[in-house]
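Following: one structure in structure tokens, then a few remarks.
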Amino acid sequence: MKKSRMNEQRFLEVAERYKGDIYRICYIYASDNQTLADYYQEVLANMWSSRDSFRGDSSEGTWIYRIALYTCLSFVRKRRRRPVHVPLALDTDLYEDDGRNGRIREMYALVSRLAPADKALILLWLEEHSYEEIAQITGLTRSNVAVKLMRIKEKLQKMSDR
């Protein structure tokens, strides 16, 4: 497939369209608002620097998810060297107030306790990506995605029963 340059206007449109998705991915790995902002900015910077490498072999969403996940995982690895944990308290809600916020916050609290790679998989599943899309984003096989997701769901269920 022919490589096409993504100009600044197109980049801004794509960044705006996937803003919520990027924030949700960053949110799951962030420990506080400053870290969330840092992750988000780094994802945008990585998107910008790799914009010309997007060949269209996958959807824009898959490309963005891959960049966001790898960026956050890279940050997590770097931060492990100097662990700091501050509870996350967002001033702005990622979700509209529709009565589900308590359950969503509880679910994110459980997910935040998972290993970084497990967080990535369950987040993609919660975002309703198919197993094929998750495999394409993560580089795992479809069957490996299915097995890992089953184990993660079981782990989350056990954690919520406590």
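Pull out the extension gain between Asp32 and Lys158, defined as 0.36 nm times the separation in residues minus the alpha carbon to alpha carbon distance; nm, one decimal. Please list the in-between numbers first.
Details: separation 126, 0.36 × 126 = 45.36 nm, distance 2.60 nm.
Net length gain for the segment: 42.8 nm.
With a 10 Å radius around each residue's Cβ, average the other Cβ atoms per peptide and rank 7-20, 65-78, 31-44, 139-152, highest first.
Values: 7-20: 12.6, 65-78: 19.1, 31-44: 16.7, 139-152: 14.3.
Peptide ranking by packing, descending: 65-78, 31-44, 139-152, 7-20.
Expressed in nm to one decimal, what extension gain is obtained for the pair Arg17 and Glu106 from 0.36 nm per residue of sequence separation less their Cα-Cα distance? Don't jump to the answer; show the numbers that get you there.
Numbers: separation 89, 0.36 × 89 = 32.04 nm, distance 2.66 nm.
Full-extension gain reported as 29.4 nm.
In percent, what relative contact order does the stretch 113-162 have, based on Cα pairs under 8 Å that are 6 or more apart in sequence? Write down the numbers at each step before the final one.
Numbers: 23 pairs, mean separation 17.0, N = 50.
Once normalised by length, the contact order is 34 percent.
Where a number appears in this text, it was derived from the coordinates with a stated rule and is not lab data. Just so you know, these numbers come straight off a predicted model, no measurement behind them. Quick reminder, even Gly has a Cβ in these numbers, built from the backbone with ideal geometry, and neighbours come from all protein chains shown.
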